[in-house]
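Before anything else, here's the structure in question.
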Amino acid sequence: MRRANSVRLATLNTWKNEGDLRRRLPAIVSGLRALAPDVVLLQEVFRADALAWHTAQALADPLGLSWVYAPARRKRRDWDGSTLMCESGLALLWRGTIAASERLPLPGPGEGEERIALLAAGEIRGLRVQVGNVHLSHLRGDDAGRRAQLAAVLAYAGWQKEADLRVVGGDCNATLDSPVFVPPVPGPWRLHDVFAGRPPCPPTFPLPPEPGRRGRTIDFLFALTGPDGVPPDVEHAGLALAEPDEGGHWPSDHAAVTADLCVSSASIA
């Protein structure tokens with residue numbers, strides 16, 4: 001049973017409209033319903049106005065969660081044998097009310113490939129929670145670009161507001177031992193991987209596993225503290241939505257990373 005002062009988070013790259021999204025969507029809903037998260041960070045959220053399709057809303061409504069969306073990477077993509085203008089944005093699903101949110105442009109390519117962060121704040125069972133959702137550059141060899149994007153997120157002025165829990169997560173397109181995360185990370189904050197002190201997180205990408213292709217752990221949840229801050233206790237950390245459903249449909253080409261973070265009085269700043 002979850003403690004009253006804990007928050008369950010999950011991050012999932014929803015794989016745009018690829019891999020037969022219509023068949024995958026029920027598997028995502030089912031997996032998230034079983035997980036019962038308080039906050040879900042979603043990347044590659046497919047939105048196509050011509051189809052009245054919005055993956056964030058299609059997930060939030062059956063789960064009874066609030067949601068906020070930030071558009072990104074607007075371009076033409078294939079769908080049902082034709083091409084249409086659509087987006088691959090970021091979204092946050094939230095158990096309760098989202099008090100404020102902001103779309104933060106990040107350094108990198110321009111329109112169609114631009115990278116952003118989605119920041120939001122609200123209360124969950126009386127806890128003041130701030131979340132930053134990211135999808136860093138996918139370009140091969142662009143660790144410098146990814147580190148610059150992470151630095152921009154950590155420089156966000158909103159983190160200075162009082163909060164009981166601050167979390168940054170998403171698809172970082174880099175492993176934890178890459179130059180992106182070499183300490184000290186840019187700015188006045190410290191990142192605490194939810195798997196720190198635990199067995200390493202299994203590979204999160206690609207799914208299903210591909211023979212001859214090395215799986216990588218590139219999806220993360222980090223608690224964020226000041227230099228002298230006490231990170232929250234991690235009651236649980238693991239993967240979810242990492243298996244096909246009964247019909248053989250994989251929810252995504254990424255597994256979800258999930259964690260229960262317990263806020264102690266010493267963590268609150």
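Output the residues belonging to the range 10-37 that are within 23 Å of L165 (Cβ to Cβ) and crowded, with 23+ Cβ neighbours inside 10 Å.
Answer for the range 10-37, where residues must be within 23 Å of L165 (Cβ to Cβ) and crowded, with 23+ Cβ neighbours inside 10 Å: A10, T11, L12, N13, L32, P37.
So, one more: Out of R198, R190, R216, R166, which single residue is surrounded by fewer than 20 Cβ atoms within 10 Å (Cβ to Cβ), in contact (Cβ under 8 Å) with a residue 12 or more places away in the chain and closer than 18 Å to R8 by Cα? Outline the logic, then answer.
Details: R190 fails: closer than 18 Å to R8 by Cα; R216 fails: closer than 18 Å to R8 by Cα; R166 fails: surrounded by fewer than 20 Cβ atoms within 10 Å (Cβ to Cβ).
The unique qualifying residue is R198.
So, of the residues in the range 45-72 that are closer than 23 Å to P109 by Cα and open to solvent by less than 20 Å² (accessible area, probe 1.4 Å), which turns out to be farthest from the chain's Cα centre (by Cα)?
Kept after step one, since they are closer than 23 Å to P109 by Cα, are these residues of the range 45-72: 45-48, 69-72.
The next check asks that each one be open to solvent by less than 20 Å² (accessible area, probe 1.4 Å); those that pass are 45-46, 48, 70, 72.
Numbers: V45: 11, F46: 15, A48: 21, A70: 13, A72: 15 Å.
Here the residue is A48.
Could we say that W67 is among the aromatic types (F, W, Y) and farther than 21 Å from A259 by Cα here? Steps first, answer last, please.
Working: among the aromatic types (F, W, Y): yes; farther than 21 Å from A259 by Cα: no.
In short, no.
If you take the residues in the range 28-73 that are in contact with a Phe, Trp or Tyr (Cβ under 7 Å, 6 or more places away or on another chain) and touching a residue at least 60 places away in the same chain (Cβ under 8 Å), which one is nearest to A121 (Cα to Cα)?
Once the filter is applied, the top-ranked residue is V39.
Return the residue satisfying two criteria in turn: it lies in the range 36-59 and is in a helix (DSSP H, G or I) and within 15 Å of G89 (Cα to Cα), and of such residues it is modelled with the lowest pLDDT. Talk me through it step by step, then tell me what you get.
Quick first cut of the range 36-59, residues in a helix (DSSP H, G or I) only: 49-51, 55-59.
Narrowing the set further to residues that are within 15 Å of G89 (Cα to Cα) leaves 49, 55-59.
On the way: D49: 92, T55: 98, A56: 98, Q57: 98, A58: 98, L59: 98.
Checked the range 36-59; the qualifying residue modelled with the lowest pLDDT is D49.
Exactly one condition in (1) crowded, with 20+ Cβ neighbours inside 10 Å; (2) modelled with pLDDT of 95 or more is not met by P244; state its number.
With respect to (1) crowded, with 20+ Cβ neighbours inside 10 Å; (2) modelled with pLDDT of 95 or more, P244 is out only on (1).
In the range 221-267, how many are closer than 29 Å to G187 by Cβ, of a type in the set (G, A, S), in contact with a Pro (Cβ under 9 Å, 6 or more places away or on another chain) and part of a loop (DSSP other than H, G, I, E, B)?
Number of matching residues: 4.
While we're on this one: Specify which of the listed residues (R33, R8, R24) is basic (K, R), assigned to a helix (DSSP H, G or I), modelled with pLDDT of 95 or more and within 24 Å of C262 (Cβ to Cβ). Don't jump to the end; show me each part of the working.
Values: R8 fails: assigned to a helix (DSSP H, G or I); R24 fails: within 24 Å of C262 (Cβ to Cβ).
Going through R33, R8, R24 in turn, the sole match is R33.
Counting only residues that are over 26 Å from S6 (Cα atoms) and either without any contact (Cβ under 8 Å) to a residue 12 or more places away in the chain or in a loop (DSSP other than H, G, I, E, B) (or both), how many does the range 125-154 have?
Counting residues in the range 125-154 that are over 26 Å from S6 (Cα atoms) and either without any contact (Cβ under 8 Å) to a residue 12 or more places away in the chain or in a loop (DSSP other than H, G, I, E, B) (or both) gives 7.
The values are calculated or read from the model by the stated rules, or taken from the named source; none is laboratory data. On a predicted model such as this, the values are computed, not experimentally measured, just so you know. Quick reminder, even Gly has a Cβ in these numbers, built from the backbone with ideal geometry, and neighbours come from all protein chains shown. Areas reflect the complete protein model, heavy atoms only, side chains present, ligands, DNA and RNA absent. Shrake-Rupley method; radii C 1.70, N 1.55, O 1.52, S 1.80 Å.
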